[in-house]
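Take a look at the structure below.
The values are calculated or read from the model by the stated rules, or taken from the named source; none is laboratory data. Computed from a predicted structure; not experimentally measured. A quick note on method: Cβ atoms are made from the backbone with ideal geometry, for glycine too, and the neighbour counts reach across all protein chains shown. To get the accessible areas, we keep the full protein, side chains included, count just its heavy atoms, and leave off ligands, DNA and RNA. Shrake-Rupley method; radii C 1.70, N 1.55, O 1.52, S 1.80 Å.
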Amino acid sequence: KTPPPPPPAPAPASAGGGRSRGVERGAGTLPPYARAELEALAAQCGVTLADVCALYDGFAILEPNEDGEVGLGAIREKLSRVSGAPIDEAALEQWMAEADSDGDRSLSFFEYVRVESV
């Protein structure tokens, strides 16, 4: 019997473009960002690094194309699949406006953590 392969090495943060998925670990996924960035984000939001990693798991589910951004359409689609109920478009638009700090109509992981850790 062949032993299982070793776990993948952490994904390096890229200088631009998309980011590869994080690395699976025991209590979630280690996001593919520099540890110092993640620790600063956690401190800014008043949460732990483990909380940030757990939020990455949720973000990764929403992120359809692994480019580090989640658009309103992807969020709407996932909500409608999960809830099965009609989406309150006004509430969703308001949430996005509050969460999207740079106004580009999509959420980065950092924006997602800031709004979800409140």
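Taking amide H as placed 1.01 Å from N in the peptide plane, the amide H of L107 sits under 5 Å from that of V70, G71, each at least 5 places away or on another chain. Nonpolar atom fraction for the range 61-103, defined as the carbon and sulfur part of the 1.4 Å probe accessible area, stands at 54 percent. Computed with a 1.4 Å probe over protein heavy atoms only, the accessible surface of the range 54-96 comes to 56 Å² per residue.
For trypsin sites (Lys or Arg not before Pro), the sites in the range 62-118 that DSSP calls loop and that have at most 15 other Cβ atoms within 10 Å are R105.
Between D88 and D57, the simple label model (points 7 Å from Cα in the Cβ direction) yields a spacing of 2.7 nm.
For A90, neighbours were defined as the other residues whose beta-carbon sits under 14 Å from its Cβ, and their charges (Lys and Arg +1, Asp and Glu -1) total -3. Across the range 25-118, the mean sequence separation of Cα contacts (distance under 8 Å, 6 or more residues apart), normalised by length, yields a relative contact order of 28 percent.
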